[in-house]
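These notes are about the structure you will find just below.
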Amino acid sequence: MNCLLSYKGYLISFSSFCLLVSIVYHQNLKKCSHRENRIILINSTKKASELSELTTQINEIFNQIDERMPNVTFIHKDTTTSAKNSKVFIKTPQNRYCVGDQLTVQVDVYDYLGQRKSYGGDYLRSRISNPDKAAGSSGRIEDFNNGTYHIHFTLFWEGKVVVTVFLMHPSEAVTALWRARNSWYGNVDYLGKFTSEGKEMITKCGYDLDKKDELCEYADHENEEYFYCVKPQNFSCDSYTEFKNWKTLATQLSDLENSLLTQSNVRVEIPVNMQPLEVILCNKSSSKTEATCKTGISLEYPSGYVMNNLWYPKTCNMQTYHTVEELNTCMQGKFFYMFGDSTMHQWMTYFENKLKTLSLMNVYEAGWAQKHLGVDIKRNIQVVWKRHGRPFVYLGFVSLREERYIPREIDLIGGNEHTVIALNIGVHFRLFPVHHYIRRLLNIRRAIERLFLRSPKTKVIIKTENTSDMANEYEGMSDFHAYVHYFIMEIIFKGLNVGFVNGWDMTTAFNTNQLHPPEPYLRNEVNMLMTYICS
């Protein structure tokens, strides 16, 4: 996986990143202006001294990521990256491979004409596996920006190791996806329902409406979050009660660009020019550690491996909570607040199915996106799941009665040693310009910092996105957008005393290829959550 904390092919520290991003920010004001149809900066017409601290941070992070994105043009598919013509081989072969060793694999990419590519930016995904042991782990990809990539693996297990590399998208498609995402709001349409004295009116809503209309503004000024609806005649803006939205499936891409995003051209395996490796257990070689996983461990990639449907973190031990008694013992006396999308809703469903003594309250809403509230009076357990707030794509009308962004939800929780907050956002943000995602994460970090000031003993667990099946809707829903989100999350939450459930890494290792993985996988995410809060 290409680390976005690298610059010109070199890994840099976080402190160096902060200095670099300041330099890149000012350089890119001029450099990026030629990139057509991009939302490069927020409030870019203002002087730097007039921008808020939050907006400045958003712009800096955006420009750091934008600097790492390819910006290439092409006139024929033949000059784009071909998985079939590209080559994968071990950079420095060894006579023997021991458990715990590092393995570096090189990828040289070529186009359909057999010509070596001279630039990078391809979206690759890599994995090592052992089918006999149901074992797998991801690899960290280093992009030299010249058509050569190094993939760094850790040899976690004894026995056979098979290397697999996929071309998810060529750099030409990455360029198009990044440009399209940050150029408009046309991926999703909104409707808002207004209710007053038994009457209803439905109007258009969104982030970017025609200012000629009289608009209702729904603002969180402190967090600089804004949303608008066309004001219906004879209704007040306060009578806004429900919303619905849907993916438009509209496109910003040309026919040529879209030709790179057909199913046959996505997630194509690159031929591997090597036999499976045989890894042995050498003198004192081991990939195991004795420490139990605690909050405060950095988000890293790869962060562990899977074997026989059980996740083994790289730097700590995960405890298992397979029985109802083990779960109840761990959760007794705790209040769980979970905020996120359908992949965290799976955690709630897991608890509802496993904990038979958890009574579900009727919150008088409909659909899976309603708030879920479960209590176990005897064990003093409370479990709550709520959707993370706009942008949240849901086809049916849903209530706005308790619609709050995660930072506001965190601010409303007093916190103590009995409180657990788990959160994730990502999938629904793929359909919007990336500055929305950056802003939300920065605001969540600030809210967590405020929480830790008043209650340092509260446990906060953050889950990254899952990989998906990559079967359709590539422009708005490609894993490429989650790939970008992962590194934004790594940057923003660095140094916080939180626990990470690395869904991005774990689903790659498990090779689930499902946005909503099955229970054998899900059990491992819950085990990581339980380990952080109960060990």
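Report whether or not I448 is farther than 29 Å from K247 by Cα, touching a residue at least 40 places away in the same chain (Cβ under 8 Å) and in contact with a helix residue (DSSP H, G or I) (Cβ under 9 Å, 6 or more places away or on another chain).
So I448 passes the test.
Which condition number does L358 fail, the rest of (1) within 25 Å of the chain's Cα centre (by Cα); (2) farther than 26 Å from L451 by Cα being met?
Against the list (1) within 25 Å of the chain's Cα centre (by Cα); (2) farther than 26 Å from L451 by Cα, L358 comes up short only on (1).
Please go through segment 167-202 and pick out each residue that is surrounded by fewer than 19 Cβ atoms within 10 Å (Cβ to Cβ), of a type in the set (D, E, K, R) and over 12 Å from T251 (Cα atoms).
D189, E197, K199, E200
Can you tell me which residues in segment 120-139 are surrounded by fewer than 17 Cβ atoms within 10 Å (Cβ to Cβ) and either assigned to a loop (DSSP other than H, G, I, E, B) or under 23 Å from the mean Cα position of the chain (by Cα) (or both)?
Of everything in segment 120-139, just one residue is surrounded by fewer than 17 Cβ atoms within 10 Å (Cβ to Cβ) and either assigned to a loop (DSSP other than H, G, I, E, B) or under 23 Å from the mean Cα position of the chain (by Cα) (or both), namely A134.
Hey, among the residues in segment 205-221 that are open to solvent by 40 Å² or more (accessible area, probe 1.4 Å) and not in a strand (DSSP E or B), which one's nearest to W246 (Cα to Cα)?
The selected residue is D208.
Given (1) at pLDDT 95 or above; (2) assigned to a loop (DSSP other than H, G, I, E, B), where does H481 come up short, assuming only one miss?
It fails just one condition, (2).
Among the residues of segment 423-451, how many are closer than 15 Å to L54 by Cα, touching an Asp or Glu at 6+ places or on another chain (Cβ under 7 Å) and open to solvent by less than 10 Å² (accessible area, probe 1.4 Å)?
1
Which of the residues that make up segment 463-477 are outside any helix (DSSP H, G or I), crowded, with 23+ Cβ neighbours inside 10 Å and in contact with a Leu (Cβ under 6 Å, 6 or more places away or on another chain)?
N466
Scan segment 61-110 for residues that are of a type in the set (S, T, N, Q), surrounded by 20 or more Cβ atoms within 10 Å (Cβ to Cβ) and more than 17 Å from I151 (Cβ to Cβ) and jot them down.
N63, Q64, T80, S82
Checking R454 against (1) open to solvent by less than 10 Å² (accessible area, probe 1.4 Å); (2) over 11 Å from F493 (Cα atoms), only one condition comes out false. Which one?
(1)
What pairs come out if I take residues in segment 503-526 that are closer than 13 Å to M307 by Cα and open to solvent by 10 Å² or more (accessible area, probe 1.4 Å) and pair them with residues that are part of a helix (DSSP H, G or I) and among the aromatic types (F, W, Y) whose C-beta lies under 8 Å away, six or more apart or interchain?
Sorted first by the residue in segment 503-526, then by its partner, the pairs are F510/Y521.
The values are calculated or read from the model by the stated rules, or taken from the named source; none is laboratory data. Everything numeric here is computed off the predicted structure, so don't read it as measured data. We place every Cβ from the backbone using ideal geometry, glycine too, and count neighbours over all the protein chains shown. Just so you know, the surface numbers come from the protein's heavy atoms only, side chains and all, with ligands and any DNA or RNA stripped out. Shrake-Rupley method; radii C 1.70, N 1.55, O 1.52, S 1.80 Å.
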